[in-house]
1. Tell me, yes or no, whether the range 10-31 has at least one residue that is of a type in the set (Gly, Ala, Ser), surrounded by 10 or more Cβ atoms within 10 Å (Cβ to Cβ) and modelled with pLDDT under 90.
2. Restricting to the range 1-32, what's the tally of residues that are among the small types (Gly, Ala, Ser) and either in the same structural domain as residue 61 (by TED's automatic domain parsing) or under 24 Å from residue 61 (Cα atoms) (or both)?
3. Since residue 63 meets every condition but one in (1) in a helix (DSSP H, G or I); (2) in contact (Cβ under 8 Å) with a residue 24 or more places away in the chain, which condition does it not meet?
4. Among the numbered conditions (1) part of a helix (DSSP H, G or I); (2) surrounded by 11 or more Cβ atoms within 10 Å (Cβ to Cβ); (3) more than 13 Å from the chain's Cα centre (by Cα), tell me where residue 79 comes up short.
5. Kindly evaluate residue 10 against the criterion of being touching a residue at least 40 places away in the same chain (Cβ under 8 Å) and not small (Gly, Ala, Ser).
Amino acid sequence: MAAAKKYSVEQIIAKLREVEKLQGQGMSIPAASKKIGITDQTFYRWRLRYGAMKEDEAHRLKLLEQENGRLKRIVADQALEISALKDLNRGKW
């Protein structure tokens, strides 16, 4: 089995538009997907997630997902610090 390729959000949207263009020329989705180098399952998964997005919206989504991950790490760190302080206050050290 070949290693999975990692596409940027912008590349995914470009590939979705390319499949749509080929489909408009009468090609089936599986054939168009194969022509651009992805499986039809990948196409359907991408279309569900990124189908109606424009490239700038996709870029913003990526930035928001990164920021969300950073904020989750901060909250987890703070929860650990609070727990440690409570244990220290109770004399459990």
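1. yes
2. Counting residues in the range 1-32 that are among the small types (Gly, Ala, Ser) and either in the same structural domain as residue 61 (by TED's automatic domain parsing) or under 24 Å from residue 61 (Cα atoms) (or both) gives 3.
3. With respect to (1) in a helix (DSSP H, G or I); (2) in contact (Cβ under 8 Å) with a residue 24 or more places away in the chain, residue 63 is out only on (2).
4. (2)
5. In short, yes.
The values are calculated or read from the model by the stated rules, or taken from the named source; none is laboratory data. Predicted model only: the values in this text are computed from it and were never measured. Don't worry about glycine lacking a Cβ; one is built from the backbone with ideal geometry, like all the others, and counts go over all protein chains shown.
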